[in-house]
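Working notes for the structure below.
The values are calculated or read from the model by the stated rules, or taken from the named source; none is laboratory data. Quick caveat: nothing in here was measured; it's all calculated off a predicted structure. We place every Cβ from the backbone using ideal geometry, glycine too, and count neighbours over all the protein chains shown.
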Amino acid sequence: MIEPFVDGQVRGGDNISFGLSSYGYDIRVADEFKIFTNINNAIVDPKNFTNDSFVDFTGDVCIIPPNSFALAKTVEYFRIPRNTLTVCVGKSTYARCGLIVNVTPFEPEWEGYVTLEISNTTPLPAKVYANEGIAQVLFFKADVECDISYGDRKGKYQKQQGIILPKL
């Protein structure tokens, strides 16, 4: 279901923890980011979202500008079973610094790398560390399988490989 899978909590040193936890899995953020910028004075429109509003960045530390956000992807690739739904919430280490991680639920039979939205709610630049913990995924197993899964619907974000912008 998760590749690569770390079967215990990795902590220590100055790393933000990741891996299997008591009731979930702490995912890592990869080293690829799309940092939002308003250099083109654009309007944010989910029906007509353009890559022109982002600066692509690859590196170990991403600096998110004040009151802005970045898109990223997980290190882990997910394959969600037909009888499972997940909810993802940000780790407290980042939340206590004013960084909010937003991810929609992983629906039954969804598969791919997760696109993460990381918001910096502070008036200061904020650091995000690649290849370290960013959020926790909680898994909910149903008593019965769903009638129609994300895979059955051929969802538009199925098997995503990179950081995917909004689609209609």
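Things to note:
- In the stretch 136-153, the residues that are among the basic types (K, R) form Cβ pairs under 7 Å with partners that are surrounded by 12 or more Cβ atoms within 10 Å (Cβ to Cβ), at six or more places apart or across chains, as follows: K141/N83; K141/T84.
- Residue check, F36 among the aromatic types (F, W, Y), within 18 Å of the chain's Cα centre (by Cα) and more than 20 Å from E117 (Cα to Cα): no
For every residue, the table says whether it meets (1) under 16 Å from I2 (Cα atoms); (2) under 11 Å from the mean Cα position of the chain (by Cα); (3) surrounded by 15 or more Cβ atoms within 10 Å (Cβ to Cβ); (4) modelled with pLDDT under 95.
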position: A72; (1), (2), (3), (4): no, yes, yes, no
position: V75; (1), (2), (3), (4): yes, yes, yes, no
position: I80; (1), (2), (3), (4): yes, no, yes, no
position: T84; (1), (2), (3), (4): yes, no, yes, no
position: T104; (1), (2), (3), (4): no, yes, no, yes
position: G133; (1), (2), (3), (4): yes, yes, yes, no
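- Candidates V29, V114 - the one that is of a type in the set (A, V, I, L, M, F, W, C), over 19 Å from K127 (Cβ atoms) and under 13 Å from the mean Cα position of the chain (by Cα): V114
- Contact map, the stretch 4-18: residues that are over 19 Å from V128 (Cβ atoms) and without any contact (Cβ under 8 Å) to a residue 24 or more places away in the chain paired with residues that are among the hydroxyl-bearing types (S, T, Y) and assigned to a loop (DSSP other than H, G, I, E, B), Cβ distance under 6 Å, separation 6+ or inter-chain. Pairs shown: Q9/S17; Q9/S21.
- Selected residue (criterion: nearest to the chain's Cα centre (by Cα)) from residues of the stretch 135-144 that are crowded, with 19+ Cβ neighbours inside 10 Å and among the hydrophobic types (A, V, I, L, M, F, W, C): A135
- Selection of the stretch 84-121 for residues being in a strand (DSSP E or B) and polar (S, T, N, Q) yields T84, T86, N102, T115, S119, N120.
- Residues in the stretch 53-100 that are without any contact (Cβ under 8 Å) to a residue 40 or more places away in the chain and either among the small types (G, A, S) or under 18 Å from F140 (Cβ atoms) (or both): S53, S92, A95, G98.
- Residues located in the stretch 122-131, provided they are outside any strand (DSSP E or B) and surrounded by 12 or more Cβ atoms within 10 Å (Cβ to Cβ): T122, A130, N131
- Those residues of the stretch 24-51 which are surrounded by 15 or more Cβ atoms within 10 Å (Cβ to Cβ), without any contact (Cβ under 8 Å) to a residue 60 or more places away in the chain and of a type in the set (V, I, T), in sequence order: I35
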